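In what follows, a structure is listed as structure tokens, so that the remarks can point back to it.
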Amino acid sequence: MQTNTGTIDRQIRVLAGFALIALTATSTIGAWGWIGVIGLITGLIGWCPLYAALGIDTRQPLKEAGSKPPAHPSA
């Protein structure tokens with residue numbers, strides 16, 4: 001299983017998942033908040049089955065070995 005979620009995506013999933021679980025555990029929101037478990041797990045493992053099914057990948061593209069950064073025109 002190859003990761004398909006980027007760093008920021010994973011951080012958002014973990015934070016949102018934890019927040020939903022905490023709010024549900026304290027009875028601030030209803031039982032639907034347990035859906036946060038999905039976000040927490042997918043954020044921790046770095047793989048989302050929905051992304052895989054839809055062909056989505058939010059990771060940064062790898063730079064090619066020996067490639068140079070684009071040249072900036074001088075003003």
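With a 1.4 Å probe and every protein chain kept in, tell me what percent of the accessible surface of the range 1-65 is carbon plus sulfur. In the range 1-65, the share of accessible area belonging to carbon and sulfur is 69 percent. Annotation for Thr7 and Val37: the two label points, set 7 Å from Cα along the Cα-Cβ direction, are 3.1 nm apart.
The values are calculated or read from the model by the stated rules, or taken from the named source; none is laboratory data. All values reported here derive from a predicted model rather than from experimental measurement. Glycine gets a Cβ as well: all are built from the backbone with ideal geometry, and neighbour counts include every protein chain shown. Note: areas computed on protein heavy atoms with side chains; ligands, DNA, RNA excluded. Shrake-Rupley method; radii C 1.70, N 1.55, O 1.52, S 1.80 Å.
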